[in-house]
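Values in this text are rule-based calculations from the coordinates and carry no lab data. Predicted model only: the values in this text are computed from it and were never measured. For neighbour counting, all protein chains shown are included, and Cβ atoms are generated from backbone atoms with ideal geometry for every residue, glycine included.
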Amino acid sequence: MEYKRILTVQDISCVGQCSLTVALPILSAAGHETCILPSAVLSTHTGGFSGYAVRDLTDDMPAIAAHWQKEGILFDAIYTGYLGSAAQIQQVQELFRTCAAEGCVKVVDPVMADNGKLYHGFDAAYVEQMKPLIAAAEIILPNITEASFLTGLPYREQYDAAYVAALVEGLRAAGAKTVLLTGVSFEADTTGVLIAEGEKQQYYRHKRLPGGCHGTGDIFASAFVGAYLRGKTACAAAQIAADYVLRCIELTRADPKHWYGAKFEPMLPTYLQALQAQEQAE
Ligand code: PXL
């Protein structure tokens, strides 16, 4: 198994099981050294709580990056999620240039929207700023809504394979390389991930559980990055991550009071088993 040093850049939502409080345990459990750069600190995430306290850390980032540069600290992978501001996206691009070890894999989850709408606090300027970041990454993981904002194609709730192909083409035209399009659903009771890598496209379809669960995009992205950096193919890593997310949702659904996030921690052993089972078969 490979041991990699990953930097993940996203917010700390103190309560809410998303972003860094999800990425750090999952990437560590996958066996990687996990370094963090918090983009902002929030009392909770913004999806369903109101009146949250927030401190944007954009102005603190240059000194952190400068210190790493002075120490010669480099990363095998840089994985970005929810970023605090449009200005911060430029700083992340700078990090891509200054903190990447040779062969560094840059993974961008352009977290900003779902269900046809931008998250609270994001605007068109943020979407514009995100475009060069997706072009600078090796792998991006947008959902359908984010892909529609990034390509300018209208958001659709019902769609066919041609619409999905147009989203991927639009992302490619904007400079994206490998695209994992999440939440791709052609029928009511299934959903899945489309993995577009070079000329190759694969679709991993799995059951769709009714009612969304907050933070599952972050669980998927973190579990994907953890598996991919262990040497799995993008498709195998996406399958492991999607199966893990399903188990987390199943567990969470049994407890309606737990509306703000997914119970991913008790399911970590199943994620590790999936990583190991594949490695034994290899
Ligand atoms: O799960 C994505 C996410 C991460 N961080 C914060 C959020 C959200 C989605 O709403 O509000 C602060």
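When you filter the chymotrypsin sites (Phe, Trp or Tyr not before Pro) in the stretch 166-225 for DSSP loop state and at most 10 other Cβ atoms inside 10 Å of their Cβ, nothing is left.
Along its principal axes, the stretch 103-149 has C-alpha extents of 35, 19, 15 angstrom, given from the largest down. Springs between Cα atoms under 10 Å define the GNM used for the chain, and in it the highest mean-square fluctuation of Ala237, Ala87, Ala176 occurs at Ala87.
Spatially, the stretch 175-247 and the stretch 93-172 are offset by 15 Å when compared through their Cα centroids. Largest first, the extents of the alpha carbon coordinates of the stretch 161-282 on the three principal axes equal 42, 35, 22 Å. Restricting the GluC sites (Glu not before Pro) of the stretch 1-73 to loop positions (DSSP other than H, G, I, E, B) with no more than 11 neighbouring Cβ atoms within 10 Å leaves Glu2. Evaluating 6.51 cos²θ - 1.76 cosθ + 1.60 at θ = phi - 60° for every residue in the stretch 61-78, the Karplus couplings come out as 5, x, 5, 5, 5, 5, 5, 4, 5, 4, 7, x, 7, 10, 10, 6, 8, 10 Hz, glycine and proline recorded as x.
Find how much the distance from Ala124 to Phe186 grows on full extension, using 0.36 nm per residue of separation minus their present alpha carbon separation; answer in nm with one decimal. The Ala124-Phe186 span can extend by a further 19.5 nm. Given R₀ = 30 Å, what would the calculated FRET efficiency be for Cys14 paired with Ala63, taking r from the Cβ atoms and rounding to 0.05? In this case the efficiency is close to 0.85. For the chain, the alpha carbon positions stretch 52, 45, 44 Å along the principal axes, listed from largest to smallest. Comparing Ile219, Ile139, Ile64 in a Gaussian network model of the chain, where Cα atoms under 10 Å apart are tied by springs, the biggest mean-square fluctuation is seen for Ile64.
Extension gain, Glu279-Glu265: 0.36 nm per intervening residue step, less the Cα-Cα distance, totals 2.8 nm. With a cut-off of 15 Å on the backbone N, the residues of the stretch 125-160 near the modelled label site 7 Å out from Lys117 along Cα-Cβ are 145-146.
Using C-alpha pairs below 8 Å separated by at least 6 residues, the relative contact order for the chain is 17 percent.
Around the Cα centre of the stretch 5-281, unit charges on the Cβ atoms of Lys, Arg, Asp and Glu (plus for the first two, minus for the last two) sum to a dipole of about 300 debye. Using a 10 angstrom cutoff on alpha carbons, build the Gaussian network for the chain and name the most mobile of Ala166, Ala221, Ala234. Highest fluctuation among the options: Ala166. Considering only Leu180, Thr34, Ala242, the residue lying farthest towards the positive end of the dipole of the chain is Ala242, judged by Cα position with unit charges set on Cβ.
Taking the alpha carbon gyration tensor of the stretch 98-235, multiplying each eigenvalue by 5 and rooting it gives semi-axes of 22, 19, 15 Å, largest first.
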